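What follows is a set of notes on a single structure, which appears directly below.
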Amino acid sequence: MVVNHSVFTHLDERLQDLWLSELQRITQPGAILLLTVEGTGSWNRICDAVASGGEDMSAWRTELESHGIVFIRDDVLIGSTHPDFYHSTYHAPWYVYEHWTRFFDIVAHLPDGSITQDLVVLRRRPDGAPPPSPIGRRHTAPTLPPRAARRALVESVLASGRRLTDRWSHRAAGPHASVRELDMLRAGLYEQGNRISVLAAELRAEIQSLRNGDSE
Ligand SMILES: C[S@@+](CC[C@H](N)C(=O)[O-])C[C@H]1O[C@@H](n2cnc3c(N)ncnc32)[C@H](O)[C@@H]1O
């Protein structure tokens with residue numbers, strides 16, 4: 001069994017992935033891990049505290065909602081005795097389910113289950129066992145951007161999708177693509193997929209509102 005509290009709450013995604021893969025290496029199939037993250041409860045508490053100081057967390061919120069994880073480098077630990085890589089990280093529960101299942105099975109996710117942090121209970125899979133099918137992401141109801149802004153967004157998503165696809169075919173065809181490069185491309189494609197899903201939801205909502213006859 002591996003137990004830690006308040007460690008993944010301070011590392012960026014790259015260091016977290018290194019640790020998750022190290023924990024995978026040193027544990028036996030069936031091993032249980034208890035790890036904590038700053039989840040929804042912590043996020044709401046920090047947002048309330050920051051808002052009462054007159055600061056705005058909306059940019060971080062947008063990033064947390066779209067990426068599922070934020071690493072806040074510009075935090076109260078700046079200038080402290082901690083090393084430079086050590087700051088404040090928040091996780092959306094869906095991110096933990098989608099991303100950490102690449103390393104372990106998730107047995108339980110307990111909001112505020114470890115003092116003020118979410119407790120994530122994981123189990124090491126037998127070697128070679130496939131991860132469970134990912135659970136789909138739920139999108140909140142979209143707000144429609146103006147038509148011109150949406151057209152620009154569609155163009156940028158398409159252009160970026162084309163670039164990623166070109167790079168993907170180029171690298172995948174080449175003999176020397178590194179795992180890291182392919183993984184970055186995969187993350188980029190995944191991100192584009194998310195943006196396209198959001199656009200599709202917006203267009204569906206607009207079509208519905210046109211059908212209802214309540215639009216220009
Ligand atoms: C907030 S403390 C938590 C300490 C203790 N587990 C607790 O709950 O009181 C964060 C811990 O993360 C550890 N840590 C910081 N950077 C790390 C890294 N890159 N890899 C592993 N552990 C790290 C620190 O040594 C520190 O013990």
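Bear in mind that the values in this text are calculations on the coordinates, not laboratory data. These numbers were taken from a predicted model, which means no experiment stands behind them. When we count neighbours, we look across all protein chains shown, and the Cβ atoms used for this are built from the backbone with ideal geometry, even at glycine.
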- Task: Obtain the radius of gyration and the Kirkwood radius of the range 2-123 from its C-alpha atoms and give Rg over Rh.
- Result: 0.97
- Query: Please identify the trypsin sites (Lys or Arg not before Pro) of the range 45-92 that satisfy two criteria: DSSP loop assignment and at most 14 other Cβ atoms within 10 Å. Which are they?
  - Reply: R73
- Item | Additional length obtainable on full extension of the chain from D105 to E191, 0.36 nm per residue less Cα span | 28.6 nm
- Message: Less than 15 Å Cβ to Cβ from G53, Lys/Arg counted +1 and Asp/Glu -1: what total charge do the surrounding residues give?
- Response: -4
